[in-house]
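> My questions all concern the structure below.
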């Protein structure tokens, strides 16, 4: 297909025009979608066969993005996260889905597991570390359905999971999100 020809859907062998086709380019075109620290997520604009090389971030890439986003949060918020481990898995376990009452494995974007700051005391015995789980496939599904950057979604989920379990209100979390560039 020539680059200048708008693409369309094939129905019964007929080419159907698309009302608002994406722009086409004679050279590869990439739009920077999110720059979270050293990790850049890019969205390739339609350019003939260019879309065939675009891939969703791997578990390791998503974890790197999450750590980069965490490092960009305000210091006071990061200080609340001391000792918290951030992990990325494709989906929550069946046990977690049942415990949370989720209807689908795509219902849960993230989860905090542990003892939040308001419940901790100096006399606590040794315990497992606090964990924040990000679920890659539900996050990617949400990203595909909404007009937000992947970095912003990951930031929102991180702030939400940290905030609720450390006793922050929705207003506190919104203020933290607004302060992050």
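> I'd like to check something: does the range 87-103 contain any residue that is at pLDDT below 90 and either within 20 Å of residue 168 (Cα to Cα) or more than 20 Å from the chain's Cα centre (by Cα) (or both)? Spell out the reasoning first.
First, pick out the residues of the range 87-103 that are at pLDDT below 90: none.
No, the range 87-103 has no match at all.
> Looking only at the range 55-103, filter to residues that are without any contact (Cβ under 8 Å) to a residue 12 or more places away in the chain and closer than 17 Å to residue 162 by Cβ; which one of those is surrounded by the most Cβ atoms within 10 Å (Cβ to Cβ)?
78
> Within the range 75-84, is even one residue modelled with pLDDT of 75 or more and under 16 Å from residue 153 (Cβ atoms)?
no
> Of the residues that make up the range 115-128, is at least one within 20 Å of residue 73 (Cβ to Cβ), modelled with pLDDT under 95, assigned by TED's automatic domain parsing to the domain that holds residue 68 and crowded, with 16+ Cβ neighbours inside 10 Å?
yes
The values are calculated or read from the model by the stated rules, or taken from the named source; none is laboratory data. Bear in mind the structure is a predicted one, so any value in this text is a computation, not a measurement. Here Cβ is always computed from backbone atoms with ideal geometry, including for glycine, and neighbour counts include all displayed protein chains.
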